[in-house]
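In what follows, a structure is listed as structure tokens, so that the remarks can point back to it.
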Amino acid sequence: MKKLLFLVLTLFTLNVMAQDTTLASVSTDPLLLKLNKFHNKISTLNLDISTLKLDVDWKKITKFATIYGAVNGGTSLSDRDVFSVTNGLQTETVETPYDYSVILGVRKIARMGYEPKEAFKNGQENSFSDASTVGKVKGFEYLFELSYVRQEGESYNNQHHFLRYIDDTYILKGEYLEDGFADIKYFETSQRYRHKVESLDNLTFLPKELKKGKLSFNIGAAQRIAEPYGYDPLAEWVLDNGSLHYTFLALEEGYSVDFTNPEGIQYLDPSGNVVATSTEVWEAVVIPTVLADYSEKKRDKLENTIQHSLIVGFDYYLYTKKLWLHSWGNLMPYHYDQGDEFSYHKYNGGEQWYDYSGGLIFGYKLNKHLGVFVEGKYNKYWNREWHDFSLGINYILF
């Protein structure tokens, strides 16, 4: 119970710290004002947290954990020749710098039966099981990983951290994900009741072999803090006929149009540099950049919002030397509408929506030589999707 109390306090502290920023920046929201008032009252209590003596067995928590750091690299896209005939034939070679990643992390996640034992970790392992709701063992499991990645000339910062505690009757988890390639970032905590199905013999539709697996269901609450996904900065520039007043937007952003040049029209950026000498180039090249920069600037000015949701899920695990199947799923069918200005309810027509995630890991050895496998995971939050999958056949010659 002491370890459980420690985890609950940790998740609660993280959640309150994240909410404090929102409370300070969106002080006009009635619900947040009440929470802030309650928080201030709690702050006045003469409670010395240091007097709470938690007997935490750090040696047990860190035992078998792996600290790893690695630099990985490789060739990116090959050089491309770009031709132009504007002022005679001209050739320009476009070079893409090599791909690389710098990764630093620490993890303690029990290896599932179907996962191979690795001599070293380089941070590029595609462990689909990390996303599962329930691990192989009860107790603490965690992952803290930072990476800087350059892929096809584009650079991304990625982070994935989670801390979870698994018990027979409950699941507690805190997670932070920042995936620059998928353009998704959020912090999530969840508290769930877990029900383990003691026997699958009554499920007549299941093959006999699958009845040997372990199945559990869970239900609880989830809290997510993220930028206001769904917000469209360009909506205010859409005209009644549905078209976008992009030229006026560009002028507001500091661009200008020069008609004084006798040789033709010139379009200039905020620094006075000529970026286009024709309407075609202006619309095809410059305007897309203006819209992208404007949208990013407007989103960066917004504060994160918090979303409270109902969450339900399941987890199934079976492993034998010949067959293994690990599957899990999570569904958020209901989300509390706080009435915030940038609530996703507003961009969804005031209606509820479904957020969900899931994964499947399947392997089957048909005989000593031939085997097949399918692995994958899928996520959809706020109508944003990211996923990975792998499938194939192995044939061993001997």
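The values are calculated or read from the model by the stated rules, or taken from the named source; none is laboratory data. Here the structure is a predicted model, which means the values were calculated and not measured. Cβ: placed from backbone, ideal geometry, glycine included. Neighbour counts: every protein chain shown. Note: areas computed on protein heavy atoms with side chains; ligands, DNA, RNA excluded. Shrake-Rupley method; radii C 1.70, N 1.55, O 1.52, S 1.80 Å.
Observations
- Phi-derived couplings, Karplus 6.51 cos²θ - 1.76 cosθ + 1.60 at θ = phi - 60°, listed residue by residue for segment 319-328: 9, 9, 5, 9, 9, 9, 8, 10, 9, 8 Hz, with x used for Gly and Pro.
- Computed from backbone phi, the HN-Hα couplings of segment 358-369 come to x, x, 8, 10, 9, x, 8, 9, 5, 7, 5, 9 Hz, rounded to whole numbers (Karplus: 6.51 cos²θ - 1.76 cosθ + 1.60, θ = phi - 60°; Gly and Pro given as x).
- Only Lys, Arg (+1) and Asp, Glu (-1) charged, at Cβ; segment 72-180 dipole about Cα centre in debye: 660 debye
- A crude spin-label estimate for the pair LYS60 and GLU154, with each label 7 Å from Cα along the Cβ direction, gives 4.6 nm.
- The residues ILE311, ILE109, sorted by heavy-atom accessible surface at 1.4 Å with ligands and nucleic acids left out, run ILE109, ILE311 from largest to smallest.
- Two-decimal ratio, segment 280-398, of alpha-carbon radius of gyration to 2.2 N^0.38 Å: 1.65
- Exceeding the 19 Å Cα-Cα cut-off - candidates LYS60/LYS377; LYS108/LYS211; LYS185/LYS298; LYS196/LYS377: LYS60/LYS377; LYS108/LYS211; LYS196/LYS377
- Along the axis of the charge dipole computed for segment 79-195 (Cβ charges of +1 for Lys and Arg, -1 for Asp and Glu, origin at the Cα centre), the listed residues PRO97, TYR186, ASN157 are led at the positive end by TYR186.
- The calculated FRET efficiency for LEU310 paired with THR169, based on their beta-carbon distance and R0 = 22 Å, is about 0.70.
- Per-pair calculated FRET efficiency, R0 = 25 Å: ALA110 and PHE217 via Cβ, rounded to 0.05: 0.70
- A Förster radius of 41 Å, combined with the Cβ-Cβ distance separating ASP183 from GLU118, puts the computed FRET efficiency at roughly 0.85.
- Chain lengthening between ASP300 and THR96 when straightened (0.36 nm per residue, less Cα-Cα): 70.6 nm
- Whole-Hz ³J(HN,Hα) from phi, Karplus 6.51 cos²θ - 1.76 cosθ + 1.60, for segment 174-184, glycine and proline x: x, 9, 10, 10, 9, 10, x, 5, 8, 6, 9
- Exposure of VAL281 as accessible area (Å², to 10), given a probe of 1.4 Å and all protein chains: 60 Å²
- Between amide H atoms placed 1.01 Å from N, distances below 5 Å from TYR170 occur with ARG194, all of them 5 or more places distant or on a separate chain.
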